[in-house]
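To keep things clear, I will list the structure first and then write my remarks on it.
The values are calculated or read from the model by the stated rules, or taken from the named source; none is laboratory data. Computed from a prediction, not measured in an experiment: that's the story for all the values here. Ligands, DNA and RNA are excluded from the accessible area calculation, which covers all protein heavy atoms including side chains. Shrake-Rupley method; radii C 1.70, N 1.55, O 1.52, S 1.80 Å.
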Amino acid sequence: RRLSAGNLARWRRDSIAPKVLQMYANKTAAVVEGAAEMACIIARATPAQRKACVSFARAFGVAFQICDDVLNFSRSPRWAKTCGEDLTEGKLTYVLLRALDRLDRTGRTRLQKILLSPTLRRESAGLAEGIALVRRSGALEICRDEAQNMVDREWERLSRRLKPSEAKLMLRMLCSSLLDIDGLG
């Protein structure tokens, strides 16, 4: 609601990306963290296991939201949402921030103009141009890699706290499957 050229410039100068990731942690990851807490209580996990499990859950939830942002620019018919929906709505996502950071001056200015204009971002030509700019920026690949690295780092910490088991293997496979967006590009 407060998206304007002045606010966007100020927010970018003030390093808004970590704040967006914190919002993802409060929004998406909180549910995953709560489920992890409950599982730890039921399993009578040690405090160290519980801490590692909740930390992994937070990283997974944030990564999941980043992947959702990436998928928002997907061409795949398997992706159920409308391509570019976040851009159409003027949502300042982590992917859009990374695209703005990576584009050259001309591309950044144009994407910013589209993002700031409800008319441009809702017109098919403006939306298509904005989607093309985001894709061209390389932000989708970078965000996907950042999300995967975030989960991998926390998995290493968690893995050291859990004994080898079928449940541990299944958890790793489930999380990998949920974050696998390579087939939807």
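Straight-line cross-link partners of residue 91 among the lysines, defined as a Cα under 28 Å from its Cα and at least 8 positions apart when in the same chain: 19, 27, 81, 113. Could you give the accessible area per residue of the chain, probe 1.4 Å, as a whole number in Å²? Here the residues of the chain average 57 Å² of exposed surface.
Accessible area of the range 82-175 with a 1.4 Å probe: how many percent of it is carbon plus sulfur? Show your work: numbers first, answer last.
Details: 2640 of 5220 Å².
So the carbon and sulfur contribution to the accessible surface is 50 percent.
Between residue 122 and residue 168, the contour length at 0.36 nm per residue exceeds the Cα-Cα span by 12.1 nm.
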